[in-house]
Amino acid sequence: MKVHFREQYGSKGEEFLYVTPVDAENFPENHQIVRVTINGKKPAISSKGFFLIRILQKALLPHGYPDSVSEDYFDYQKWDTLQAFASTITGCLATHSVLKGLGVGDETSTALSATITWILKDGAGHLGRILFAYWKGNDLDRDSKKWRLRADVLNDVAMTIELFLLPYYSKHSVYILCLTTMMRSLVGVAGGATRSAMTLHHAIRNNMADVAAKDSAQETCVNLIGSFVGLFLLTGISSPLWLAAIFFLMTCIHIYANTRAVKSVCLKTFNEARYLIALEEYFRNGSVLPPKVVNQLERVTIGQTVSLAVQVKLGCSVKDFTEQIRNRYEIEDLIACFETRDKFLIAETKGYVGVYLHYDIKPHEILRAYFFVASYLQDRSQIRDNYWEVQAKWSEFLNLAQLAGYNVHSHLLNVDEYRCDWRFI
């Protein structure tokens, strides 16, 4: 037979050949182009089950999956689906307690009192969103994994309060619901923002909208199934003790699945935690750990795997510097430690190491500045006496990091907005 085309749908799809058969007995349509599998057999007619699977794939998975998403997409979505299922069931149990707290089923309760309670709790939620966005909005990009997990744990705490306190303190339902709704509002801001960060990471073909839409479809599907399971539990189980046990089990599953979900994400942009892990390995062994290993070592709860002995502030105001060093000759001596092309200065003052950034500094130069700070804290004479040695190490680290697959053209370090110039001194 003569092969005209070879075709495959994505990198995981089955391969087909478009051929002109030469055996008239096996292929009566001798002069027509025929589509066959790679082993020469005619593809089987799609069954209804297979057709349904293809429909579900198109509805729930991004177009071009798995080539259109990052390698960690499946592992993340697997655990994210489990946590969404567990969260929906605990949410059903908590909603039941909320409605009882609002007076549903109580003849002495009025629609007006329930409405006032509902409005007050929603108002507390709106206030909580504004305050949290002001307080921690800038941290959500840098530590998206931590805040993703914290948001879900806080959501579990809010539901626990509603389930176990609200039925017994119905007289104080307004205060309890305002508290839990404010907690949920933090969850909404942190969870929504970090979900966007995860979606941006998973969308490798500029298909963020498609990935976000399919993620929403997956969650809606899981929530639908979980809602029916929760309804079955509420109607089929009357024992408060059993319902409490189920709630506790689902909460444990929810936290565990969330932890596994964020741990499975392999981010290739340095935040402070991942950068310090990579730098520690480089200073110790002269090698750079791959992103997958660094992400596994990164803590997603509290604290950091590696930390510096002194606080580092990037993008400080020169005011802080000049208040500590007022002598012009000391300032000029400090500037002389750096090359004229450098876009940063490093000065240790009381309590922290300040990094003062030039107007024209670029993201990769901020990574370089942090590298110099880490070298300085190992030996405070390195920059003054061994500047070019530190520069050579930075060039080597940068090359190794690029080969390992890190994105060195951007960063997620905490950088303030002060910029300055010292070239005319």
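The values are calculated or read from the model by the stated rules, or taken from the named source; none is laboratory data. Just so we're clear, the structure is a prediction, and the values are computed from it rather than from any experiment. In this analysis, Cβ positions are derived from the backbone assuming ideal geometry, glycine residues included, and neighbour counts consider all displayed protein chains.
Applying the condition of being hydrophobic (A, V, I, L, M, F, W, C) and in a loop (DSSP other than H, G, I, E, B) to region 37-73 and asking which residue is modelled with the highest pLDDT yields 61.
If only one of 359, 406, 370, 387 is farther than 17 Å from residue 313 by Cα and modelled with pLDDT of 90 or more, which one is it? Matching residue, one of 359, 406, 370, 387: 406. Residues in region 135-171 that are touching a residue at least 24 places away in the same chain (Cβ under 8 Å), over 14 Å from residue 197 (Cβ atoms) and not in a helix (DSSP H, G or I): 166, 167. Report yes if residue 298 is touching a helix residue (DSSP H, G or I) at 6+ places or on another chain (Cβ under 7 Å), touching a residue at least 24 places away in the same chain (Cβ under 8 Å) and acidic (Asp, Glu), otherwise no. Yes; evaluated as a whole, the condition is true for this residue.
Looking across region 220-268, the residues that are within 30 Å of residue 204 (Cβ to Cβ) and outside any helix (DSSP H, G or I) come down to 265, 266, 267, 268. The residues of region 338-351 that are in contact (Cβ under 8 Å) with a residue 40 or more places away in the chain and either loosely packed, with under 13 Cβ neighbours inside 10 Å or part of a helix (DSSP H, G or I) (or both), listed by number, are 339, 340, 351. Within region 205-223, the presence of at least one residue that is basic (Lys, Arg) and surrounded by fewer than 20 Cβ atoms within 10 Å (Cβ to Cβ) is confirmed. Each residue in region 353-365 was checked for being hydroxyl-bearing (Ser, Thr, Tyr) and touching a helix residue (DSSP H, G or I) at 6+ places or on another chain (Cβ under 9 Å), and 1 of them qualify. Scanning region 366-419 for residues that are among the small types (Gly, Ala, Ser) and either part of a helix (DSSP H, G or I) or crowded, with 16+ Cβ neighbours inside 10 Å (or both) turns up 369, 374, 375, 392, 395, 401, 404. Checking region 253-267 against the condition returns a match, with at least one residue being in the same structural domain as residue 86 (by TED's automatic domain parsing), modelled with pLDDT of 95 or more and of a type in the set (Phe, Trp, Tyr). Of all residues in region 284-323, those satisfying the criterion of being within 28 Å of residue 399 (Cα to Cα), among the basic types (Lys, Arg) and not in a loop (DSSP other than H, G, I, E, B) are 284, 292, 313.
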